[in-house]
Amino acid sequence: PRLVIPLLDSSPWANVSARLADDSLPLVIGMELVLIGGALALFAGSGMINRRRRWNTPVSSYRYSEDRRWSV
């Protein structure tokens, strides 16, 4: 898209979008890397939380709530 607009129009304003795109390219790449890193961290963190829950409570306690009522 940054090359299409200058090809269609020869005004000086048509080149502004291409210049802005070139200037913001390092910012866009940096933000992309930060967001990908954050997504991977969330993915790994959620996996660790699920593993911790399994070790702390290997069997859910809500399953035995009905067993306690039978003994009454």
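Read-outs: derived from the displayed coordinates by stated rules, not from any lab. Owing to the predicted nature of the structure, the values given are computational and were not obtained by experimental measurement. Note: ideal-geometry Cβ built from the backbone for every residue, glycine included; neighbour counts use all protein chains shown.
Summary table below
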quantity	calculated
Filter result for the condition that a residue is surrounded by 10 or more Cβ atoms within 10 Å (Cβ to Cβ), of a type in the set (A, V, I, L, M, F, W, C) and assigned to a helix (DSSP H, G or I), over Leu27, Leu7, Leu42	Leu42
Residue in the stretch 10-24 that is nearest to the chain's Cα centre (by Cα), counting only those that are exposed (fewer than 10 other Cβ atoms within 10 Å of the Cβ) and not small (Gly, Ala, Ser)	Asp23
